[in-house]
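Worksheet for the structure shown next.
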Amino acid sequence: MFFLYNQIVFIAGFLLKIVALFSPKMALFVKGRKDVFKTLEEKIQANDKSIWFHAASLGEYEQGLPVIEKIKEKFPSHKIIVTFFSPSGYEVRKNNTVADCTVYLPLDTQKNAKQFIELTNPELVFFIKYEYWPNYLNELKKRNIKTYLISGILRENQAFFKWYGGFYRKALNAFDFFFVQNESSKQLLQSLGHQNVLVSGDTRFDRVSAILEKDNTLDFIAEFKNNKITIVVGSSWPKDEEIIAQYINQYSNENVKFIIAPHNIKAEQIAKLRDQITKPTVLFSEKENQSLSNQQVFIIDTIGILTKIYSYADIAYVGGGFGNPGVHNILEPATFGIPIVIGPNYSHFAEATALVHQEGCITISKQTELNQTLNLLVQDIDKRHEKGQICQTFVKMNKGATRVILKNL
């Protein structure tokens, strides 16, 4: 099976080059990997000591950031290397300040794995949450390089637990220790014979808790809000935007404002969203010389400021819950003590499931439910505060994973 896996990776690498001719995202995926080894040769010297963190995408990077920052403090003389698999992670965080070198992870071939590890020669390696690349893990094992999984989460449907997953199970032997999010992940690893596992929790709680200590001021958002009740719609997809737009158009209360930060900020998608809304609307890209306080809807056609925007919200709607795998990050609005509304697909996310159960987060599946929920939260300040307090307390009660990981390394 391992031979077959390597053949599939080789063929995939060839096919991706063809797909890249027609897909901008795949073009980034392919083009971004062309100069990885050259970049490593320039930034990592033979006598450098280094520590490598791998994140699949943006969410995993944000999840691992508290650990990266603490490791950087603990090992100030080491160079920090961060790799991404996905363009949606790399393109947003390629200019981060915590890493000395940020690159795409080359495809998981035996040749790439050997060359990458020879150039970086890491003393410690951290894989964040998931993504288990057999060739990289095998090479790390051969070289006796300390390797850890942090904020790991395992499920029964993964290849490790299938009849064909023998080479994947073997790759897990490269990990010196597993820091996992929950008891079920620990039990699954133990069923494979791994006792070197600890339930440390989810480092995302540490990251979002730290947001409260930062300056989240955005003067233009304060001007737009103008002390009115503000509903922030974060990471929305077309299905989310369709029902939100209908609610905005039907809702006559001018004392309620809406900020929409779409997941997709391509011009055509932003134009389509704007066309659905009949109330006074302004885009982030055209906010200069505008009287923002006179607008009722603010569409954020840029990236990187949603977290700060949540600090101005009275109610948050987090998108993705009508798609697959489901809802986006609900912890960022939760840390600000805001009641949260989401779509029906959230079962893959433990934090969303928990907050729905605790009633800090409300799930809706159709227009009438959205209308009723938002009307209730707008009109009942006590209900808003009650559900917001549940969300904030949930974050506070679950932080501490970073400390546990650092203590037990």
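The values are calculated or read from the model by the stated rules, or taken from the named source; none is laboratory data. Only a predicted model underlies this, so the values are computations on that prediction, with no experimental measurement involved. Cβ coordinates were reconstructed from backbone atoms using ideal geometry, including for glycine residues, and neighbour counts include every protein chain displayed. Surface areas here come from the heavy atoms of the whole protein model, side chains and all, with no ligands, DNA or RNA. Shrake-Rupley method; radii C 1.70, N 1.55, O 1.52, S 1.80 Å.
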How are the alpha carbon pair distances in region 155-279 distributed across 10 Å bins from zero to the largest one, expressed in percent? 10, 24, 19, 18, 19, 9, 0
So if I average 1/r over every pair of distinct C-alpha atoms in region 289-409 and take the inverse, what Kirkwood radius in Å does that give? 15.6 Å
All alpha-carbon distances of region 62-142, grouped into 10 Å bins from 0, give the whole-percent distribution 16, 51, 32, 1
Going from most exposed to least, what order do TRP52, TRP237, TRP163 have by accessible area with a 1.4 Å probe? TRP163, TRP237, TRP52
Kindly write out, for region 170-183 in residue order, the coupling ³J(HN,Hα) from the Karplus curve 6.51 cos²θ - 1.76 cosθ + 1.60 (θ = phi - 60°), rounded to whole Hz, with x marking Gly and Pro. 5, 5, 5, 5, 6, 7, 6, 7, 10, 9, 10, 7, 8, 5
Round to a whole number: what % of the accessible area of the chain belongs to carbon and sulfur, probe 1.4 Å? 51 percent
Distant-in-sequence amide H partners of LEU124 (H built 1.01 Å from N, under 5 Å): TRP52
Pairing the Cα long axis of helix 58-74 with the longest principal axis of the chain, what angle in degrees results, from 0 to 90 and rounded to the nearest 10? 60 degrees
Taking a quarter of the surface of the Cα convex hull of region 91-177, what do you get in nm²? 6.6 nm²
Of the listed pairs LYS239/LYS287; LYS38/LYS141; LYS214/LYS279; LYS49/LYS162; LYS114/LYS162, those with alpha carbons more than 31 Å apart are LYS214/LYS279; LYS49/LYS162
Quote the Stokes-Einstein diffusion coefficient, in whole µm² s⁻¹, for region 43-192, based on the Kirkwood radius over alpha carbon pairs, a temperature of 20 °C and a viscosity of 1.002 mPa s. 136 µm²/s
With +1 on each Lys and Arg Cβ and -1 on each Asp and Glu Cβ, and nothing else charged, work out how big the dipole of the chain is about its Cα centre, in Debye to the nearest 20. 1260 debye
0 to 90° range, to nearest 10: angle between helix 110-120 axis and the chain longest Cα axis: 80 degrees
Accessible area (Å², per residue) of the chain, counting only protein heavy atoms and a probe of 1.4 Å: 47 Å²
Region 1-132, Kirkwood Rh and Cα Rg, ratio Rg/Rh at 0.97
To the nearest 10 square angstrom, what accessible area does TYR90 show with a 1.4 Å probe? 40 Å²
Listed residues GLN246, PHE205, TYR132: farthest to the positive end of the dipole of the chain (Cβ charges): TYR132
Would you mind estimating how fast the chain diffuses translationally, via Stokes-Einstein at 25 °C and 0.890 mPa s with the Kirkwood radius over Cα pairs, in µm²/s? 107 µm²/s
Over all pairs of distinct alpha carbons, what does the Kirkwood formula give as the hydrodynamic radius of region 259-339, in Å? 13.8 Å
Assigning unit charges at the beta carbon (Lys, Arg +1; Asp, Glu -1) and nothing else, what dipole magnitude in debye, to the nearest 20, does region 366-409 show about its Cα centre? 380 debye
Summed residue charge, Cβ within 13 Å of LEU212's Cβ, Lys/Arg positive, Asp/Glu negative: +1
Run the 1.4 Å probe and let me know the accessible area of PHE258, rounded to the nearest 10 Å². 0 Å²
Note the full-extension length gain between ILE305 and ILE381 as 0.36 nm times their separation in residues minus their Cα-Cα distance, in nm to one decimal. 24.7 nm
Please report how far the C-alpha centroid of region 134-211 lies from that of region 296-342, rounded to the nearest whole angstrom. 30 Å
What's the whole-number percent of alpha carbon pairs in region 29-87 lying beyond 19 angstrom? 39 percent
What residues have an amide H closer than 5 Å to that of ILE299, excluding those fewer than 5 places away on the same chain, when H is modeled at 1.01 Å from N in the peptide plane? ILE260, VAL282, LEU283, PHE284
For the pairs LYS70/LYS111; LYS25/LYS129; LYS34/LYS72; LYS70/LYS266; LYS31/LYS170, flag any whose C-alpha to C-alpha distance is greater than 30 Å. LYS70/LYS111; LYS70/LYS266; LYS31/LYS170
Karplus-derived 3J(HN,Hα) from phi for region 234-240 (6.51 cos²θ - 1.76 cosθ + 1.60, θ = phi - 60°), whole Hz, x at Gly and Pro, runs x, 6, 7, 10, x, 5, 4
Accessible area, 1.4 Å probe, largest first: how do THR217, THR97, THR83 sort? THR97, THR217, THR83
Which ³J(HN,Hα) values in Hz, rounded to whole numbers, follow from the phi angles of region 49-55 under the Karplus curve 6.51 cos²θ - 1.76 cosθ + 1.60, where θ = phi - 60° and Gly and Pro get x? 9, 9, 10, 10, 10, 10, 10
